[in-house]
Amino acid sequence: MKLYEQQELHIYNSLSKKKEKFTPIHEGAIGMYVCGPTVYSNVHMGNCRTFLSFDLVFRYFKHLGYKVRYVRNITDAGHLENDGESGDDPILKKARLERIEPMEVVQKYTVDFHTTMEKFNALPPSIEPTATGHIIEQIDIVKTIISEGFAYVKNGSVYFDVVKFNEAHDYGKLSGRKLEDMITNTRELAAQSEKKNPQDFALWKKAEPQHIMRWPSPWSDGFPGWHLECTAMSTKYLGHQFDIHGGGMDLKFPHHECEIAQAEASNKQSPVNVWMHANMLTLNGKKMSKSTGNNILPNELISGNNDILSKAYPATVAKFFMFQAQYRSILDFSDEALAASEKGFYRLMDSFRSIDSISTSEKSSFDVTSWRQACYNAMNDDFNSPILIAHLFEASKQINAFKEGTESITEEDLKLLQKTMHDFLFDVLGLVDTTHETGDDSSKLNGAIELLIELRNQARANKDFSTSDRIRDELQEVGIHLKDGKEGTTYSLN
RNA sequence: GGCAUCAUGGCCGAGUGGCUAGGCAGAGGUCUGCAAAACCUUCUACAGCGGUUCGAAUCCGCUUGAUGCCUCCA
C-alpha cells in the first residue's frame, strides 16, 4: 500500500480560492508544471523561495509514493520588459551590455541557476525545457488560436483577442478580475498600438532588424510571446489537462491568466486542475526584485559578503528559515529572523544526531505513532511546513527527555521516531546536516582539537585552571568553541 | 485610481468560533572549578471601532495601516 493511499492531502487552489482534497487525474501519477526563471541575471533569494517551495511540494509527492513528472521551464527568449509592444528583451539587452551572444547570456545564467539550486539541495525537475527549443510547438499553437478566431495578425505580429475570448470564456477568473473593469481602468497608452485593445497580448512578435533572436514563421521573422512558451511546453509534456501548475504570486496576472486563455482558446478546455502560487520573499518590507535592486543573492548570503546580514549563513539554514513560514505567506528576510532560525536549526540537528545514544525501555511514554501522523497532517494541510517543524521540535524535546530518563521509549518506537525524523528533515524538507560535512582536512583538525581537549581536561583534573582556561579561550579566539557536556567535551567551529 | 491580500506577544511566524503552536530573545533553575554550551520551567498576544453569537483574536461591516497585481521580475 502506497503512503498516498493513507494520507489525505489538501491543497489551496488559487482558481477556486479554497483548499481542496487533492486527487490526481491518473491514479498514482502527478503532472506538475512550474514557471522557471528568465535567465538574464543571477537568481536572487526571492526567486529561490518559489523554487524551494515547489521543491518541497515535489519532494512530498515523491515521499508519498507518487510518480511525479515535474516540468520547470527556462525562459531564454521572448520575455519582453513591457507588454510585447515596444519593450526590450532583457536577454538581448544584457548581451549588448556584456558584448556577448544572447545564448551566452542564457548559458551563463542557466548554469548559475543550476548551481544555486544544488546549493539549496533542491532536486532537479524531471524535464527542464527551454522556450527556444519549442518554437515549432509555439507556432502551432498560434496557428490553432488564429483558426479558432481568437487571434489576429497585424504587421507580421499576432495578438490574442481578449475581448473576443471573453465573450465565450471568462478572462480573469484566476486573478479575480473583470475585463470590463480592466478596460475602464486602462492607463493612457503612450504609443501607437497595433493592438485592438490594450488587454490583448502578443502571441508572436515581428522582430525589428536589429533584433538578433529571431525565427521564421508564417507571419514574420520574429519571436514568440512570453506567455506562449508555458502553454506549449506544459501541453507537450503533461497533456491538455494536468494536475498542478505553480509559480510565483507575481505571475498570477497576467502570465497565468494568459496561459489559461491560450489553452482554452486552442484546446477548448481548462488546462490545469490546481493552480498554486508561492508568495513573495520581501526585503525591508518590499518585494525582492531584480529590476529595483532590492534583493540579496544566494552567493552573498553564503559568503557573508553583503550589507544586509551580520554574518554568513549556510544555504540550508536559509531554506529552513523559509520553511518556518508557509509558502502562501509573505515572508520578510532579515538578519534577526535568520539568526533565530539558525539556532533552532542546529538544535534540531543536534538532537536528531543524538538519537543513537538513547537507551531504550520496555515501555514507551511517548505516542510515536500519533506524533508521526501529526507530522503528516501538517504536510497534508497545504504543505504546512511551519507546523511540521513545530512537531519536529516537539520530538527534539522528547529525545532529550529519553536521554535524561524522564521519559521512556521502546526500541521499535525509537526506530520509527528516527526514521520519521529522517524522512521529514532530509527527504521532505531536503535539509542538509552541515555539521556532518567532514573532509580529510577537518579530520586532521579534529585530531588536533581532540588532543587539546585532552590536555585541557588533564589540567582541569589537576586544578591547573590557568592552563585549561587558556586552551579554551585561545581556541575560542580562532573560532573553535568548546562545549562541556555530561559525556565529555565536544566542539563546534565558528 | 481599480482589484486583491494581510494586520498575532520584544522579534520571526502557525492556528482557530469555546481546548498549549513552534523558534529566537528575556527571566528563573539544573549541571559546571568558573564561564560557555546543553537541558528543564516560565512571562508577555491576537490593529481600532461596531455587529452576529451563550461565547470571537477567529464570522460580518466600517476605519486605519502595510503589501502585491494592474508595466519586467519567482
Exposure rank, largest accessible area first [A:114, A:79, A:240, A:277; 1.4 Å]: A:240, A:114, A:79, A:277
Please list, ordered by chain and number, the residues whose modelled amide H lies under 5 Å from the amide H of residue A:246; skip anything fewer than 5 residues away on the same chain. A:33, A:34, A:35, A:276
Ordered by residue, what ³J(HN,Hα) values in Hz, to whole numbers, does region A:168-181 give under the Karplus form 6.51 cos²θ - 1.76 cosθ + 1.60, where θ = phi - 60° and Gly and Pro are x? 10, 10, 10, 7, x, 5, 6, 8, x, 10, 10, 4, 4, 4
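Quick one: net charge of residue A:42's neighbours, Cβ under 14 Å, K/R +1, D/E -1?
Working: positive: A:94, A:108, A:119, A:290; negative: A:98, A:112, A:300.
Cβ neighbours under 14 Å give a net charge of +1.
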So, in nm, how far is label residue A:178 from label residue A:197 when the simple model puts each one 7 Å beyond its Cα toward the Cβ? 1.4
Which of the trypsin sites (Lys or Arg not before Pro) across region A:189-238 are loop residues per DSSP, with 15 or fewer other Cβ within 10 Å? A:196
Taking only protein heavy atoms and a 1.4 Å probe, the highest-to-lowest accessible-area order of A:26, A:169, A:44 is A:26, A:169, A:44
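Explain nothing, just the number: relative contact order of chain A, from Cα pairs under 8 Å at least 6 residues apart, as a whole percent.
Reported relative contact order: 16 percent.
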Sequence-distant residues sharing a close amide H with residue A:22 (under 5 Å, placed H): A:9, A:10, A:11
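Determine the relative contact order of region A:315-464: mean sequence separation of Cα pairs under 8 Å and six or more apart, normalised by residue count, in whole percent. List each step's numbers first, then the result.
Details: 105 pairs, mean separation 41.4, N = 150.
RCO, region A:315-464: 28 percent.
Region A:287-374: which GluC sites (Glu not before Pro) are DSSP loop and have at most 15 other beta-carbon atoms within 10 angstrom?
Listed in order of number, the matching sites are A:362.
Over 19 Å apart: what share of the alpha carbon pairs of region A:302-435 falls there, rounded to a whole percent?
Values: 4628 of 8911 pairs.
Of the Cα pairs, 52 percent sit more than 19 Å apart.
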Probe radius 1.4 Å, ligands and nucleic acids ignored: give me the carbon and sulfur share of the accessible area of region A:439-493 as a rounded percent. 50
Relative contact order of region A:439-493 (C-alpha contacts under 8 Å, at least 6 apart) in percent is 20
So what J values fall out for region A:23-29 if you push phi through Karplus, 6.51 cos²θ - 1.76 cosθ + 1.60 with θ = phi - 60°, rounded to Hz, Gly and Pro as x? 9, x, 4, 10, 4, x, 10
Carbon and sulfur atoms account, in whole percent of the 1.4 Å probe accessible area of region A:3-278, for 49
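Starting from region A:62-157, pick out the GluC sites (Glu not before Pro) whose DSSP state is loop and whose Cβ has at most 14 other Cβ atoms within 10 Å. Walk me through the intermediate numbers first.
On the way: sites: A:81, A:85, A:98, A:104, A:118, A:137, A:148; in loops: A:81, A:85, A:148.
Counting only loop positions with at most 14 other Cβ atoms within 10 Å, the GluC sites (Glu not before Pro) in region A:62-157 are A:81.
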Considering amide H positions built from the backbone, and no H for Pro or chain starts, which residues 5 or more places from residue A:222, or on another chain, come under 5 Å of its amide H? A:207, A:215, A:217
Starting from 0.36 nm per residue, how many nanometres of slack lie between residue A:21 and residue A:126 once their C-alpha separation is accounted for? 35.3 nm
Let's test this: bin the Cα-Cα distances of chain A at 20 Å from zero up to the farthest pair and state each bin's percent. 20, 47, 24, 8, 1
Quick one: what are the phi-derived ³J(HN,Hα) couplings along region A:354-363, Karplus 6.51/-1.76/1.60 with θ = phi - 60°, whole Hz, x for glycine and proline? 7, 4, 4, 8, 7, 9, 8, 10, 6, 10
Skip the ligands, DNA and RNA, and give the accessible area per residue of chain A with a 1.4 Å probe, whole Å². 47
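The values are calculated or read from the model by the stated rules, or taken from the named source; none is laboratory data. Please read all numbers here as calculations on a predicted model, not as lab measurements. Heads up, the Cβs are rebuilt from the backbone with ideal geometry, glycines too, and the neighbour counts pull from every protein chain shown. Heavy atoms of the whole protein, side chains included, go into the accessibility calculation; ligands, DNA and RNA do not. Shrake-Rupley method; radii C 1.70, N 1.55, O 1.52, S 1.80 Å.
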